[in-house]
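Just below is one structure, and these are the notes that go with it.
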Amino acid sequence: MRSPQGARESAQDTTYRWLKRHIGSLPRHEGTFLTEAEVCEATGTSRTPVREALLRLETEGFLKIMPKKGAFVPPVSDAEIEAVMQARELVEDWCVRRAAPLAEGLAPELDELVREQGGLLEDPVAFIECDRAFHRAIVRTAGNAVLAEFYETLRDRQVRMGLRAIAAEEDRARVVLAEHTAIVDALRSGDPLRSARALAAHLGGTLAVLRLPAVANWDDR
């Protein structure tokens with residue numbers, strides 16, 4: 001039998017994941033307020049785990065808690081999307097080219113992450129966390145600590161945009177798996193240019209989806 005503490009942690013985790021999914025499906029050009037009461041009703045949990053989940057998401061940069069108003073989810077502008085994706089392209093292109101000659105050690109790790117992602121198609125939050133680990137492994141392998149540190153500063157926006165991307169297009173998660181597989185195959189060949197092209201195709205596909213005007217709701221699928 002689970003302890004009350006364990007039950008509370010489980011409720012917080014459920015609420016946290018629901019909120020991340022919900023935030024990913026919100027209209028990106030409009031700021032949105034979320035209230036504790038609304039989240040409680042949607043998730044079937046009490047105010048305590050909802051409050052804890054909101055605080056957790058605030059520390060991750062997904063929202064800002066405003067006293068007596070609720071939690072404000074800021075809009076994501078076209079300019080921000082372009083800037084983040086350009087930054088990712090600059091860093092990851094350099095890194096994937098330098099990781100290609102080192103792929104003998106990297107490829108098995110990436111293979112495992114792709115397999116793990118394949119089992120997470122129904123869990124968008126875990127899917128994007130795994131996606132993030134895939135790209136971070138490439139950046140880490142390139143061996144530039146300064147770039148790796150900068151890349152970590154993109155994390156919160158990268159996760160939010162990743163959630164939006166797979167919410168925006170029904171088959172996007174499966175396309176991501178195919179694109180990740182292509183990146184691993186290119187890296188395994190040891191060819192820096194082929195690896196860079198596979199990565200560029202993947203990031204370009206993500207940017208194209210993020211530019212879509214509307215986002216579907218997971219609950220409607």
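The values are calculated or read from the model by the stated rules, or taken from the named source; none is laboratory data. Being a predicted model, the structure only gives us computed values, none of them experimental. Note: ideal-geometry Cβ built from the backbone for every residue, glycine included; neighbour counts use all protein chains shown.
Regarding the range 103-114, can at least one residue be identified that is modelled with pLDDT of 95 or more, in contact with a helix residue (DSSP H, G or I) (Cβ under 8 Å, 6 or more places away or on another chain) and of a type outside the set (A, V, I, L, M)? Yes, some residue in the range 103-114 is modelled with pLDDT of 95 or more, in contact with a helix residue (DSSP H, G or I) (Cβ under 8 Å, 6 or more places away or on another chain) and of a type outside the set (A, V, I, L, M).
Select, from Ala137, Ala186, Ala165, the only residue that is touching a Ser or Thr at 6+ places or on another chain (Cβ under 8 Å) and under 26 Å from Pro108 (Cβ atoms). Let's see the steps before the verdict.
Working: Ala137 fails: touching a Ser or Thr at 6+ places or on another chain (Cβ under 8 Å); Ala165 fails: under 26 Å from Pro108 (Cβ atoms).
Answer to the check: Ala186.
Only one residue in Arg47, Arg51, Arg21 is among the basic types (Lys, Arg) and either assigned by TED's automatic domain parsing to the domain that holds Glu122 or surrounded by fewer than 16 Cβ atoms within 10 Å (Cβ to Cβ) (or both). Which one? The match here is Arg47. Taking the numbered list (1) touching a His at 6+ places or on another chain (Cβ under 6 Å); (2) touching a residue at least 40 places away in the same chain (Cβ under 8 Å) in turn, Glu179 passes all entries but (2). Taking the criterion of being modelled with pLDDT under 80 and on the phi > 0 side of the Ramachandran plot, no residue of the range 19-53 qualifies.
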